[in-house]
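The values are calculated or read from the model by the stated rules, or taken from the named source; none is laboratory data. A quick note: this is a predicted structure, and the numbers were derived from the prediction, not measured. Note that each Cβ is placed from the backbone with ideal geometry, even for glycine, and that neighbours are counted across all protein chains shown.
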Amino acid sequence: MQKLDGRLVLVTGASAGIGEATARRLSAEGARLVLAARRLDRLEALAKELPQAEALQLDVRDADDVRAKLSKYEFDLVVANAGLARGTDPIQRVEESAWNDMIDTNVKGVLAVIRATLPGLIARGRGDMVLLGSVAGRQVYPGGNVYCATKHAVRALYEALRLDAAGTGVRFTTVDPGMVETDFSKVRLGDEAKARAVYQGFEPLTPADVADAIAFAVTRPAHVNIGEIVLWPTAQASTTVLKRES
């Protein structure tokens, strides 16, 4: 096991859900944290709870701002977590504003974080970069269209990182969960009651489950790279097959 004591970690999307849980888990391993997201009030509240943590207001869709704000840090570990979905319309009815929001956040936002942090990791010859993917990056489902396309892109970026940065000493991991109970569905559907119904009748993954997987990957010995982790709720067999209790 490789200790995280004193290692500087960036977690994007750290204001809630998987990002917040990951920050808490890595803090428990002794990491120093830069908590990045748009909602500064939530970041500041979390930073007060965690030792050696600071809040950084950041919109990953603004590549210039990402570069300017992250360039002053020498990160040992980067968790690129920010992402969202908008709606479940079939592809012929998806609004342009929805696909722009998903592509700008899930793809271009991840690219902005990679571009701002990877050169430093390579220059230091060590470190970890973790991308938060999804099973939607492995299997397309009805109504998933653009969201699934963005997560397929994240998986392609992970594979590109492994090739383009081979031999640099930097490790790359993609963590691809199935259904995790977070605010994801509320953001996607715009309705709290509909969002609750998504997770009824079975036990979904929790943000802490995903955070545990990330912590496992980044604490392996330096010569071990856990490349791909796929997490499913036990009740979920695929993106389209889910056993709910009646």
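The figures follow:
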quantity	calculated
Residue pairs meeting the criteria (Cβ under 9 Å; at least 6 apart or on separate chains; first without any contact (Cβ under 8 Å) to a residue 60 or more places away in the chain, in segment 68-85; second of a type in the set (A, V, I, L, M, F, W, C) and in a loop (DSSP other than H, G, I, E, B))	LYS69/LEU58
Filtered residues of segment 155-175 (kept if touching a residue at least 12 places away in the same chain (Cβ under 8 Å) and farther than 22 Å from THR219 by Cβ)	ARG155, LEU157
Segment 188-210, subset charged (D, E, K, R) and outside any helix (DSSP H, G or I), residue surrounded by the most Cβ atoms within 10 Å (Cβ to Cβ)	GLU203
Residue in segment 90-108 that is surrounded by fewer than 18 Cβ atoms within 10 Å (Cβ to Cβ) and assigned to a loop (DSSP other than H, G, I, E, B) present	yes
Selected residue [of a type in the set (A, V, I, L, M), touching a strand residue (DSSP E or B) at 6+ places or on another chain (Cβ under 6 Å) and on the phi < 0 side of the Ramachandran plot] from ALA45, ALA63, ALA82	ALA82
Those helices (runs of 4 or more DSSP H) lying entirely in segment 1-83 with at least 3 residues in contact with a His (Cβ under 8 Å, 6 or more places away or on another chain) and over 23 Å from ASP104 (Cα atoms)	none
Condition check for ASP41: under 24 Å from ASP164 (Cβ atoms), more than 19 Å from the chain's Cα centre (by Cα) and free of Cβ contacts under 8 Å to residues at least 12 places away in the same chain	no
Residue under evaluation ASN100, criteria (1) within 25 Å of ASP65 (Cα to Cα); (2) touching a residue at least 12 places away in the same chain (Cβ under 8 Å); (3) of a type outside the set (Gly, Ala, Ser), criterion not met	(2)
ILE103 vs. criteria within 29 Å of LEU26 (Cβ to Cβ), β-branched (Val, Ile, Thr) and out of contact with any Pro (no Cβ under 8 Å at 6 or more places or on another chain)	yes
Segment 191-206: number of residues that are in contact with a Lys or Arg (Cβ under 9 Å, 6 or more places away or on another chain) and of a type outside the set (A, V, I, L, M)	6
Condition met for GLY87 (at pLDDT below 95, more than 21 Å from ALA23 (Cβ to Cβ), touching a helix residue (DSSP H, G or I) at 6+ places or on another chain (Cβ under 8 Å) and not in a helix (DSSP H, G or I))	yes
Which listed residue, of GLY125, GLY30, GLY83, is of a type in the set (Gly, Ala, Ser) and buried (at least 17 other Cβ atoms within 10 Å of the Cβ)	GLY83
Within segment 201-244, considering residues that are over 20 Å from the mean Cα position of the chain (by Cα) and among the charged types (D, E, K, R), the one nearest to VAL11 (Cα to Cα)	GLU203
